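Quick notes on the structure that follows.
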């Protein structure tokens, strides 16, 4: 995990951005996630979240959280952005930036979103940000270590286990 310090509008990173995403691309992605947050529908929690997802052809898909009176039917910003991309044929991603209104700590995806991101690989970048533009860069595998993914379904299984107790 790498924390980035921000001084005003300038963001300094130890590695000056991901190997896959140049620094100016990271800054744009975080900016778009902050904009997406503005569209959040969260009348119950009042906790706005935005996400900006970068596909390998550099197309960006944004999403925001959408709550529902039946709480478990709400959709997180990360899953919203990924679902938009998947519905348009995308299955491979470079990075996602996540934004909220929290000043004291970086936003992190919930467990469900971590598993949802893992469905599309474990080595892409996740930028956890604050409203001032500072961020922490992690990979999906750092957010969800020792994860279960699509490739695990093809592993050999035992099919003759009796279901008697």
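Each reported figure results from applying straightforward, stated rules to the coordinates on display, with no laboratory input. It should be emphasised that the depicted structure is a prediction, and the values quoted were computed from it without experimental measurement. Virtual Cβ from ideal backbone geometry, glycine too; neighbours counted across all protein chains shown.
Let me check against my output: what whole-number percent is the relative contact order of segment 20-61, with C-alpha pairs under 8 Å and at least 6 apart? So the answer I get is 33 percent. Taking Cα atoms only, the orientation of helix 23-37 departs from the longest principal axis of the chain by about 80 degrees. Be a star and scan segment 37-68 for residues whose amide nitrogen sits under 13 Å from the point 7 Å along the Cα-to-Cβ vector of residue 101. Inside the label zone: 37-50. Here residue 47 and residue 142 are evaluated by their C-beta separation; at R0 = 22 Å the FRET efficiency comes out at 0.40.
Calculated FRET efficiency, residue 156 to residue 20, Cβ-Cβ distance, R0 = 41 Å: about 0.80 to the nearest 0.05. Just to confirm the number: angle between the C-alpha axis of helix 77-87 and the first principal axis of the chain, 0 to 90 degrees, nearest 10? With rounding to tens, the tilt is 70 degrees.
Working ranking of peptides 111-117, 42-48 by packing, defined as the average number of other Cβ atoms within 10 Å per residue, highest first, is 111-117, 42-48. In terms of the mean number of neighbouring beta-carbon atoms within 10 Å, the peptides 145-155, 122-132, 65-75 order highest first as 122-132, 65-75, 145-155. Mean silhouette area of the chain, derived from the convex hull of its C-alpha atoms and averaged over all directions, reads 12.6 nm².
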